[in-house]
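Chemist: One structure coming up, written as structure tokens, with questions to follow.
Derivation of every value follows stated rules applied to the coordinates shown; laboratory data play no part. The structure presented is a predicted model; accordingly, all values stated were derived computationally and were not measured. Heads up, the Cβs are rebuilt from the backbone with ideal geometry, glycines too, and the neighbour counts pull from every protein chain shown.
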């Protein structure tokens with residue numbers, strides 16, 4: 001598959017689709033994050049455990065400004081995606097317009113939080129048809145972290161459903177979680193099911209096992225815009241083997257609009273969701289998806305470094321306040337990162 005133009009995925013197969021708007025009048029961006037989504041730098045814990053990093057682990061901790069912190073854990077450094085819900089809507093709408101769509105249905109699915117989509121819907125009640133309520137729920141299964149995309153919550157029940165789902169998920173009451181999801185009539189998507197977020201990696205990612213146990217409440221698997229082609233192809237094979245449709249999700253947190261959408265011939269979100277629940281789904285891959293995954297992740301790291309003092313928290317306190325009187329290694333690195341990002345944007349390399 002060449003890396004030019006748009007492609008669709010229908011019945012687990014790729015097909016060139018140079019003019020998607022002509023074939024599919026309805027576009028949905030299902031997997032988006034705003035400043036209501038919290039991330040951590042926990043991935044660095046795996047880095048510092050590598051033998052070659054042992055001599056540098058304290059220096060890395062010091063680079064963040066917390067050399068004297070005891071019981072240090074990079075999960076204690078958190079940050080939020082930089083865009084407001086309104087900015088996400090504008091960004092996704094502009095990207096859809098470049099593909100020929102006058103508007104896009106936006107599924108704002110913040111991490112374990114429905115407030116962003118509620119905020120956006122209340123700000124634009126006239127657009128309720130294009131802002132279904134939802135969130136991305138974190139669950140743990142067999143030692144692995146998985147994310148479940150939930151879209152289409154009923155407005156009068158969204159906050160109560162959110163609270164009940166998160167309480168059950170934190171208590172690992174997964175039977176209750178999926179029973180509630182099925183009863184909610186929401187569209188339920190297994191997001192990026194093959195990300196290796198677990199400790200028992202020698203036994204493999206238990207995505208199939210989760211589907212065997214709870215597939216009765218999961219409607220589709222996701223082809224993810226921030227994962228690589230090889231992993232996404234494996235998701236296609238997994239979906240085929242369990243008889244679930246595949247739909248698209250962008251999962252963009254920082255600089256970019258979604259590079260993978262869902263499209264259909266529907267006239268409303270409810271009709272689209274009904275199609276997916278009936279086993280029919282079409283993912284649309286836009287050209288930015290074909291940028292190297294390493295480059296996309298590099299941009300995300302650079303953005304964090306560039307805006308570290310403004311967006312990061314340490315043990316719940318703003319880093320900018322904690323480091324007010326100090327200069328740390330990430331400060332000059334941040335200056336360099338901002339300059340690099342500016343040049344990359346000027347050269348249209350932010351993709």
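Chemist: Okay, which of the range 26-61 sit inside 16 Å, backbone N to the point 7 Å along the Cα-Cβ direction of residue 127?
Modeler: 27-35
Chemist: Please find the FRET efficiency linking residue 265 to residue 234, where r is the Cβ-Cβ separation and R0 is fixed at 25 Å, and quote it to the nearest 0.05.
Modeler: Efficiency at R0 = 25 Å is approximately 0.30.
Chemist: Still on this structure: With r defined as the distance between the Cβ atoms of residue 62 and residue 86 and R0 fixed at 35 Å, what FRET efficiency is calculated, to the nearest 0.05?
Modeler: With a Förster radius of 35 Å, E is 0.40.
Chemist: Using a basic spin-label model with each label point 7 Å from the Cα along Cα→Cβ, how many nm lie between residue 170 and residue 103?
Modeler: So the label points at residue 170 and residue 103 sit 3.6 nm apart.
Chemist: Next question. Please work out the Cα center distance from the range 1-64 to the range 214-283, rounded to the nearest Å.
Modeler: One Cα centre to the other: 15 Å.
Chemist: Rounded to the nearest 500 deg cm²/dmol, what is the calculated helix-only ellipticity per residue at 222 nm for the chain, with -39500 (n - 2.57) per DSSP H run of length n ≥ 4?
Modeler: Helix contribution divided over all residues of the chain: -11000 deg cm²/dmol.
Chemist: What ranking do 98-107, 186-195 get when scored by the average of other Cβ atoms within 10 Å per residue, highest first?
Modeler: The peptides rank, most packed first, as 186-195, 98-107.
Chemist: Could you give the nm distance between label points at residue 12 and residue 54, where each point is 7 Å from its Cα heading toward the beta carbon?
Modeler: Modelled inter-label distance: 4.6 nm.
Chemist: Relative contact order for the range 139-294: what percent, with Cα pairs under 8 Å and sequence separation of 6 or more?
Modeler: After rounding, I find 19 percent.
Chemist: Something else: Just want to confirm a number: the relative contact order over the chain, from Cα pairs under 8 angstrom separated by 6+ residues, in percent. Let's see the in-between values first.
Modeler: Values: 657 pairs, mean separation 72.0, N = 351.
RCO, the chain: 21 percent.
Chemist: Which three extents, in whole angstrom, do the alpha-carbon atoms of the range 168-218 cover along their principal axes, largest first?
Modeler: For the range 168-218, the Cα extents along the three principal axes come out at 35, 21, 16 Å.
Chemist: Same structure, new question: If you take the beta carbon distance between residue 138 and residue 70 as r and set R0 to 22 Å, what does 1/(1 + (r/R0)^6) give as a FRET efficiency, to the nearest 0.05?
Modeler: Details: r = 28 Å, r/R0 = 1.26.
After rounding to 0.05, the efficiency reads 0.20.
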